[in-house]
Amino acid sequence: MNKKDITQIKNLDGKRVFLTCDFNISLKNGSLTNDTRIREVIPTIKYLLRRNCHLILASHLGRPKRHDLTFSLKPVAKRLEKFLGLPVELVDYYWQDKALPLINKISPEKIVLLENIRFYKGEKNNDPEYSAHLAKMADIFVNDAFGASHRVHASIVGIAKFLPGYAGLLLKKEIDMLQKALHNPQRPLLVFIGGAKTPEKISVIEKLLDKADSVALGGAIANTFLAAWGFGMGQSLVDYEMVEMARTVFWEATRKHSALILPIDVVIQNSHTKNKPQIVNYDLVPSDVAIFDIGPQTNLLYRKLIHNAKTIIWNGPMGYYENKLFQKGTDRLLKDIVQADAFKIIGGGDTLSFIGNQKYLNHFNHVSTGGSAMLEYLKNGTLPGIEVLQNN
Ligand code: ADP
Ligand code: 3PG
Ligand code: MG
């Protein structure tokens, strides 16, 4: 990595550190569904605490449009306290001028966590005035929010104009591991992409076709590709604005001699009658139903690919996993990948929420805290939130 990390900072002791993290974790009934994104930042926090730094943590959660406490970081603050054995003070209305002296006065024995950084619109707009305001809270900026480093937002990019920025230990680890998969990967290199963020994932697929031997799809993104191929998708989640782009990607795949592989069977249900889910071929989806998962034949096909692969990268669930009826495709894929004798990387907020379980995560060489960020890193070899940090 050509960026300075926190172990390379001179005179770090006693500094006030603005530490941006990615604690964007899905909540279920107000509780965290997975705490990997918190666990993974603990080494950076502990390192800085050992150097007597005062910590001001920032993160977003979800996509709130305004100050809305259903997106509060309170469950994150609680979990941090548990992991660190230290009090964490959650500070709301941090964007007001009067918050600055208040934050300054908080005892260094406590860790400051700003409430959801997206409660103020200046965050997403990367507003320079707001970035300067955030910068006033600290002496240096540390980015450990790998999962959000593809966003050009104030707490990730803007603040680095006003404070020297360094990589946290998690950011460094993510970069080192992904570089390993990108440069001279053991082949065949197999990539699975699922989930629903079609617009941002589709350009990654295009780029990965240059590098991977096969890219296999599932989830809602596969629906868009099947639609591009001309098959009726009924009531399935399809991003019709992306269909044309999907067609281009198909065409490019044939020219690049890399394989773009789609589900051959799917699990369908009528969303209104909620009848028992059925399995049908990809080209036989009735107009009144929606696809919610990949079918067992697809899993068999994917298993063969997994068996031969030497490097496997996976992002995105294969179906609407929040409903137990539609978890099987993702579950079978997980179990097959876990068994594989390959260098294995997994990433994605929902992908990790689905797995939830350390027993499975331990089988991966690297569990990335980034979903789209991981994919964008694989696509471009860098991210906006990395570019703004101090060079080595
Ligand atoms: P990740 O966070 O792992 O990168 P995404 O955010 O792209 O993944 O997508 C996860 C979402 O995709 C989940 O909410 C899941 O229910 C949804 N999804 C996957 N397949 C389907 C499908 N066939 N129909 C509707 N939603 C789907
Ligand atoms: C993620 O979960 O992918 C990151 O936290 C970024 O979230 P966003 O897509 O809402 O910017
Ligand atoms: Mg997601």
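The values are calculated or read from the model by the stated rules, or taken from the named source; none is laboratory data. All of these numbers come straight from a predicted model, not from anything done at the bench. So basically every Cβ, Gly included, is an ideal-geometry build from the backbone, and we count neighbours across all protein chains shown. Each accessible area value is taken on the protein alone, full model and side chains, heavy atoms only, with ligands, DNA and RNA left out. Shrake-Rupley method; radii C 1.70, N 1.55, O 1.52, S 1.80 Å.
Some values worked out for this structure:
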{"quantity": "Mean ellipticity per residue at 222 nm, deg cm²/dmol - from DSSP H runs of n ≥ 4 across the chain, formula -39500 (n - 2.57)", "calculated": "-10500 deg cm²/dmol"}
{"quantity": "Anchor residue 172: aspartates and glutamates whose Cα lies under 18 Å away (excluding residues fewer than 8 positions away in-chain)", "calculated": "5, 22, 40, 144, 376, 387"}
{"quantity": "Rounded accessible area of residue 251 (nearest 10 Å², 1.4 Å probe)", "calculated": "150 Å²"}
{"quantity": "C-alpha center-to-center spacing [the range 286-331, the range 179-202] in angstrom", "calculated": "16 Å"}
{"quantity": "Cα centroid of the range 1-60 to Cα centroid of the range 208-258, whole Å", "calculated": "37 Å"}
{"quantity": "Heavy-atom accessible surface of the chain: percent carbon and sulfur, 1.4 Å", "calculated": "50 percent"}
{"quantity": "Charge dipole magnitude, Cβ of K and R +1, D and E -1 - the range 89-186, Cα centre, debye nearest 20", "calculated": "200 debye"}
{"quantity": "The chain - accessible surface per residue (Å², probe 1.4 Å)", "calculated": "44 Å²"}
{"quantity": "Modelled FRET efficiency - R0 25 Å, residue 390 with residue 42, Cβ distances, 0.05 increments", "calculated": "0.60"}
{"quantity": "Calculated over the chain: convex hull of Cα atoms, volume per residue (Å³)", "calculated": "137 Å³"}
{"quantity": "Equivalent ellipsoid, the range 148-246 (semi-axes from 5 times Cα gyration tensor eigenvalues, Å)", "calculated": "32, 20, 10"}
{"quantity": "Gain in span if fully extended, residue 307 to residue 2, counting 0.36 nm per residue against the direct Cα distance", "calculated": "106.3 nm"}
{"quantity": "Spatially proximal aspartates and glutamates relative to residue 110 (Cα-Cα < 12 Å; intrachain offsets below 8 disregarded)", "calculated": "81, 89"}
{"quantity": "Estimated FRET transfer efficiency when R0 is 30 angstrom, pair residue 65-residue 270 (beta carbons, to 0.05)", "calculated": "0.40"}
{"quantity": "Dimensionless Rg/Rh of the range 341-391 - Kirkwood Rh, Rg from C-alpha atoms", "calculated": "1.06"}
{"quantity": "Anchor residue 105: lysines whose Cα lies under 28 Å away (excluding residues fewer than 8 positions away in-chain)", "calculated": "10, 15, 46, 74, 78, 82, 121, 124, 136, 161"}
{"quantity": "11 Å beta-carbon shell around residue 308, net charge (K/R +1, D/E -1)", "calculated": "+2"}
{"quantity": "Local net charge near residue 169, Cβ-Cβ under 13 Å (Lys/Arg +1, Asp/Glu -1)", "calculated": "+3"}
{"quantity": "Computed log₁₀ I(q)/I(0) - Debye formula, equal Cα scatterers, no solvent, the range 247-332, q 0.11, 0.14, 0.20 Å⁻¹", "calculated": "-0.37, -0.58, -1.01"}
{"quantity": "Given charges at beta-carbon only (K, R positive; D, E negative), |dipole| of the chain in Debye", "calculated": "860 debye"}
{"quantity": "Extension gain from residue 196 to residue 184, taking 0.36 nm per residue of separation minus the Cα-Cα distance", "calculated": "1.4 nm"}
